[in-house]
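To keep things clear, I will list the structure first and then write my remarks on it.
The values are calculated or read from the model by the stated rules, or taken from the named source; none is laboratory data. All of these numbers come straight from a predicted model, not from anything done at the bench. Cβ coordinates were reconstructed from backbone atoms using ideal geometry, including for glycine residues, and neighbour counts include every protein chain displayed.
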């Protein structure tokens, strides 16, 4: 089966030593497409460069809530030329994260609103991040949702109410190796059965969230796209669906959401 990893932090320093090998291992595992996600403007440019160098790699461009304090009146103008490149297929990673507030909540809301407006203007889908901020995130998104061609809530680890709120806004839901964690992922393992088939997407969020149940256990704690089929098998088992059918549906969902 051919799979698409819809969220990979491939431009990050943990891949500097063997980035090419990581891409080749992913392809050998059947992960033929990757969406590289940028956390700030500089990393978004790096993701674009990689996507221009490799077939099957695509990119987002945006500012993560952790970096929202860097957003200023020039940021949108700097982002526009990146979003105009054919390899850049979504705005993001953008959203709200009140877990540690690396940027003040007000700055996060300002940067998020600006990027949502830009995505609506350009007619581009958005790759979204939300952690412990759904009380602000969902109403802000609801204001512009009708103007967006699509949106995915990346790396979902929320509760039942948060999932219901996201689905009410017709979001796609990105599931990571968190679902493979028997300690922290118990609630997600139950909720993954409630995601409609046409809304489900798969991702590793590599190098983060290495599936805990990989056997044999990798020597490194670094996650990578080659492990996406393992996540897909766990999700298929939890949903009581054939692995091949789930993979096919997820690929249909990717092609419907993103202009690939």
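A few remarks follow.
- Residue in the stretch 133-148 that is closer than 18 Å to residue 202 by Cα and at pLDDT 95 or above present: no
- In the stretch 91-117, the residues that are touching a strand residue (DSSP E or B) at 6+ places or on another chain (Cβ under 6 Å) and at negative phi: 91, 93, 96, 97, 99, 108, 112, 115
- Residue 168 satisfies every condition listed in (1) free of Cβ contacts under 8 Å to residues at least 24 places away in the same chain; (2) closer than 21 Å to residue 64 by Cβ except (2).
- So residue 65, is it within 29 Å of residue 3 (Cα to Cα) and in contact (Cβ under 8 Å) with a residue 60 or more places away in the chain: yes
This table checks each residue for (1) outside any loop (DSSP other than H, G, I, E, B); (2) surrounded by fewer than 17 Cβ atoms within 10 Å (Cβ to Cβ); (3) out of contact with any helix residue (DSSP H, G or I) (no Cβ under 9 Å at 6 or more places or on another chain).
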{"residue": "135", "(1), (2), (3)": "yes, yes, yes"}
{"residue": "193", "(1), (2), (3)": "yes, yes, no"}
{"residue": "204", "(1), (2), (3)": "no, no, no"}
{"residue": "212", "(1), (2), (3)": "no, yes, no"}
{"residue": "221", "(1), (2), (3)": "no, yes, yes"}
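- Checked against (1) within 18 Å of the chain's Cα centre (by Cα); (2) within 13 Å of residue 228 (Cα to Cα), residue 12 passes all but a single condition, namely (2).
- Residues that are touching a helix residue (DSSP H, G or I) at 6+ places or on another chain (Cβ under 6 Å), modelled with pLDDT of 95 or more and closer than 16 Å to residue 232 by Cβ within the stretch 1-24 comprise 3, 4, 5, 8, listed in sequence order.
- Hits in the stretch 24-55 - residues which are buried (at least 22 other Cβ atoms within 10 Å of the Cβ), free of Cβ contacts under 8 Å to residues at least 40 places away in the same chain and more than 13 Å from residue 92 (Cα to Cα): 51
- Boolean, residue 231 is more than 16 Å from the chain's Cα centre (by Cα) and in a helix (DSSP H, G or I): no
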